[in-house]
Amino acid sequence: LTIQTTGTGFDIGNIEEYVDRLGRKSDEFKSKIFSKYRNYFNISCYISSDAKCKLVNDTLLLRLFCEVYEGNTDAIINDIFLYELFSNYIKKRSHQLLKQGKIKRVEDLYDLLIKISKNMLVAHNLNEFSYEGFRSEEKDLIDLIVQEDIIIKTSDENGINLFDTRTAFSFTYDEFRDFLLASVILSLSDTEFKK
């Protein structure tokens, strides 16, 4: 959403009110999105009102959920457990990418995501990472993940030359990043963990 503020009399502080006037925050609008996603991904399993509430209030979580439960008719979803959802998402995408010939082993996607997380921890930067330290095939897989909106790609000026840019990436969904970081941290030895 781009808002023109010059000469319009629009106060940027009222963006929430403006978005609400478009109906994007209304329960009716959220329910429509939820229904459209369920129909598109052919999900007819039971979803409790608590789980639905979490999904309608977080569109990215809804999309991940729908990709994991696509075509499911017999699951009973009483709550959304992020650890389980993210694990299942990675497994499902890994199998799909393997079938499409985009990865060589089913573990490739998970291994890449863990390597990204380790690099972020080593660099003490949990907001972004770069191509630095990745092999050519890993860079290709990063670009593939960007196309699927799991990771956002940005180009930043490096401050030395206006024409020399640095490619940076960040996770679209902070909770997904945190899940990966936790996976890395929990696998550390006690000494490494203390560090």
Filter result for the condition that a residue is surrounded by 11 or more Cβ atoms within 10 Å (Cβ to Cβ), under 30 Å from Ile47 (Cβ atoms) and in contact (Cβ under 8 Å) with a residue 60 or more places away in the chain, over Arg93, Arg177: Arg177
How about the stretch 57-78: which of its residues are among the hydrophobic types (A, V, I, L, M, F, W, C) and surrounded by 18 or more Cβ atoms within 10 Å (Cβ to Cβ)? Leu61, Leu62, Leu64, Phe65, Cys66, Val68, Ile77
Run down Leu126, Leu98 and say which single residue is closer than 30 Å to Cys45 by Cα and in contact with a Lys or Arg (Cβ under 8 Å, 6 or more places away or on another chain). Leu98
Which ones in the stretch 30-48 are part of a strand (DSSP E or B) and closer than 11 Å to Leu62 by Cβ? Ile47
Positions within the stretch 169-193 being within 14 Å of Ser117 (Cα to Cα), hydroxyl-bearing (Ser, Thr, Tyr), outside any helix (DSSP H, G or I) and more than 11 Å from the chain's Cα centre (by Cα), in sequence order: Ser187
Is it the case that some residue within the stretch 155-162 is out of contact with any strand residue (DSSP E or B) (no Cβ under 7 Å at 6 or more places or on another chain), surrounded by fewer than 14 Cβ atoms within 10 Å (Cβ to Cβ) and at pLDDT 85 or above? no
Within the stretch 56-96, how many residues turn out to be closer than 17 Å to Thr172 by Cβ and of a type outside the set (Lys, Arg)? 16
Some residue of the stretch 79-87 being farther than 30 Å from Ser44 by Cα and surrounded by 15 or more Cβ atoms within 10 Å (Cβ to Cβ): no
Go over the candidates Lys139, Lys99, Lys104, Lys54 one by one and state the one that is open to solvent by 80 Å² or more (accessible area, probe 1.4 Å) and either in contact with a Phe, Trp or Tyr (Cβ under 8 Å, 6 or more places away or on another chain) or over 30 Å from Phe34 (Cβ atoms) (or both). Lys104
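The values are calculated or read from the model by the stated rules, or taken from the named source; none is laboratory data. Values in this document were obtained by computation on a predicted structure and should not be read as measured data. All Cβ positions, glycine included, derive from the backbone under ideal geometry; neighbour counts span all protein chains shown. In case anyone asks, the SASA skips ligands and DNA or RNA and just uses the protein heavy atoms, side chains included. Shrake-Rupley method; radii C 1.70, N 1.55, O 1.52, S 1.80 Å.
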